[in-house]
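Following: one structure in structure tokens, then a few remarks.
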Amino acid sequence: MSSAENARPAYRRVLLKLSGEVLMGSGDFGIEPEMISRLAAEAAEVSRMGVQLAMVIGGGNLFRGAGLAQGGMDRVTADQVGMLATVMNALAMQDAIERQGAYCRVMSALKINQICEDYILRRAVRHLEKGRLVVFAAGTGNPYFTTDSAASLRASEINADLMLKGTKVDGVYDSDPKCNPSAKRYERLTYDEALTEKLGVMDATALVLCRDNAIPLRVFDVYQPGDLKRIILGEPIGTLVERD
């Protein structure tokens, strides 16, 4: 067997945050079956390595509450519809993961008992301890909070060893690498640097939650197949954001 096959995970419990847009793959809207199947296969593989993996998925591929609020919709209503979009994505991910032969539970911050479980911390931790993947849906259950903030909150509550943010770029840059070919990619940042320099890693609430609870964050390109597993095995892929 190769050394990679013998390698042990560097983390025990991990929360993976994905934007809803990631599920679109190469499309412009909705969920691309090939993309969600690949993500589910990688998540299931990590789970089989003994890692307790939780996920939070945004809803921007279906509905973006903040955008419609800017267009005149009541902000609370828009955010509530956005929360329901995250439930739809979570259920789709659950189905894709279970088709990989792994066990998955969706836990919602909103009560939707007929299609998923209510979010209860102790039950969520028990699912993880039993080797089930858990997808946290409906954000925090409150308007005005992003799914990044929900991910940081859930990572703090379950005492995750690492939070991962899968994006379209291979880390955090000092400017948009698509617009500036000379943009500098950071290998490592502190949370205070990310906040002070407004680098757009996550919103300030999410960053402060991770900082205050000493949860390291790694930002990586989720479109690169296999990078999730490589990070779990300890490879320094993307940008690491941590406390001093």
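Residue-level analysis places Val14 outside the set of residues that are in contact (Cβ under 8 Å) with a residue 60 or more places away in the chain, in contact with a Lys or Arg (Cβ under 6 Å, 6 or more places away or on another chain) and crowded, with 23+ Cβ neighbours inside 10 Å. In region 173-191, the residue that is modelled with the highest pLDDT out of those that are among the hydrophobic types (A, V, I, L, M, F, W, C) and surrounded by 13 or more Cβ atoms within 10 Å (Cβ to Cβ) is Leu189. Inspection of region 157-169 identifies no residue that is closer than 24 Å to Ile36 by Cβ and in contact with a Gly (Cβ under 8 Å, 6 or more places away or on another chain). Could you say which residue among Ala85, Ala96, Ala92 is more than 18 Å from Val14 (Cβ to Cβ), in contact with a Phe, Trp or Tyr (Cβ under 6 Å, 6 or more places away or on another chain), part of a helix (DSSP H, G or I) and at pLDDT 95 or above? Within the list Ala85, Ala96, Ala92, the selection yields Ala85. Thr205 meets all of the listed conditions (1) more than 18 Å from Met93 (Cβ to Cβ); (2) in contact with a strand residue (DSSP E or B) (Cβ under 8 Å, 6 or more places away or on another chain); (3) at pLDDT 95 or above but one, namely (2). One residue alone among Ala151, Ala206, Ala160, Ala155 is surrounded by 17 or more Cβ atoms within 10 Å (Cβ to Cβ) and in contact with a Ser or Thr (Cβ under 7 Å, 6 or more places away or on another chain), and that residue is Ala206. Scanning region 25-70 for residues that are at pLDDT below 95 and in a helix (DSSP H, G or I) turns up Gly65, Ala66, Gly67, Leu68, Ala69, Gln70.
Report yes if some residue within region 105-120 is in a helix (DSSP H, G or I), within 24 Å of Lys165 (Cα to Cα), out of contact with any strand residue (DSSP E or B) (no Cβ under 6 Å at 6 or more places or on another chain) and of a type outside the set (S, T, N, Q); otherwise report no. Taking every residue of region 105-120 in turn, none turns out to be in a helix (DSSP H, G or I), within 24 Å of Lys165 (Cα to Cα), out of contact with any strand residue (DSSP E or B) (no Cβ under 6 Å at 6 or more places or on another chain) and of a type outside the set (S, T, N, Q).
Residue pairs whose Cβ atoms lie under 8 Å apart, sitting 6 or more positions apart in sequence or on different chains, and linking a residue in region 117-128 that is within 16 Å of Thr140 (Cα to Cα) and among the charged types (D, E, K, R) to a partner that is part of a helix (DSSP H, G or I) and modelled with pLDDT of 95 or more, are Glu117/Arg123.
Looking at region 151-237, the strands (runs of 3 or more DSSP E) lying wholly inside it that each contain 3 or more residues that are within 17 Å of the chain's Cα centre (by Cα) and under 24 Å from Glu21 (Cβ atoms) sit at 162-167, 217-221.
The values are calculated or read from the model by the stated rules, or taken from the named source; none is laboratory data. From a predicted model like this one, the values you see are computed outputs, not experimental measurements. A quick note on method: Cβ atoms are made from the backbone with ideal geometry, for glycine too, and the neighbour counts reach across all protein chains shown.
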